[in-house]
Amino acid sequence: MRGYRFFEEYRDDTMQASSGNVIAVNLGAGSFVQHGGVCYRAVVPAPQRGVPNSPVTMSLFNAEYLGTRCRHVSEATARKIHPKLFEFLEGLA
């Protein structure tokens, strides 16, 4: 997916247990500073995040969270972890 970078989300700061979800950050849209930090436009798991392969929604996303609760993964790995994310992204194209 051109323009996106993928991050596997973990259940806590120790990053030992995956949530079974991926966050897709839209790097093509750039970043901006908002109260609380640097933000990106992203496709993120819907509020029921604890469920693997959750439905997703578009959101503004604080980049600090990526450093504390997520790890960068390849698109191929992201597709295996979170197929619903790619159904959504492909629907945008």
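What number of residues within region 1-22 satisfy the criterion of being among the β-branched types (Val, Ile, Thr) and touching an Asp or Glu at 6+ places or on another chain (Cβ under 8 Å)?
1
Scan region 2-20 and tell me whether some residue there is modelled with pLDDT of 90 or more, touching a strand residue (DSSP E or B) at 6+ places or on another chain (Cβ under 7 Å), hydrophobic (A, V, I, L, M, F, W, C) and in a strand (DSSP E or B).
Yes, region 2-20 has at least one match.
So, in region 21-54, of the ones that are loosely packed, with under 12 Cβ neighbours inside 10 Å and in a loop (DSSP other than H, G, I, E, B), which residue ends up modelled with the highest pLDDT?
Among residues in region 21-54 that are loosely packed, with under 12 Cβ neighbours inside 10 Å and in a loop (DSSP other than H, G, I, E, B), the one modelled with the highest pLDDT is GLY30.
Run THR57 past the list (1) among the β-branched types (Val, Ile, Thr); (2) modelled with pLDDT under 95; (3) in a helix (DSSP H, G or I) and report the number of the one that doesn't hold.
(3)
Taking ARG79, is it assigned to a helix (DSSP H, G or I) and modelled with pLDDT of 90 or more?
Answer is yes for this residue.
List, please: which pairs have Cβ atoms under 9 Å, are six or more places apart or on different chains, and start with a residue in region 17-39 that is touching a residue at least 12 places away in the same chain (Cβ under 8 Å) and end with one that is in a loop (DSSP other than H, G, I, E, B) and among the hydroxyl-bearing types (Ser, Thr, Tyr)?
Once the first residue is touching a residue at least 12 places away in the same chain (Cβ under 8 Å) and sits in region 17-39, its partners that are in a loop (DSSP other than H, G, I, E, B) and among the hydroxyl-bearing types (Ser, Thr, Tyr) give SER19/SER54; GLY20/SER54; ASN21/SER54.
The values are calculated or read from the model by the stated rules, or taken from the named source; none is laboratory data. All values derive from a computational prediction rather than experimental measurement. Cβ coordinates were reconstructed from backbone atoms using ideal geometry, including for glycine residues, and neighbour counts include every protein chain displayed.
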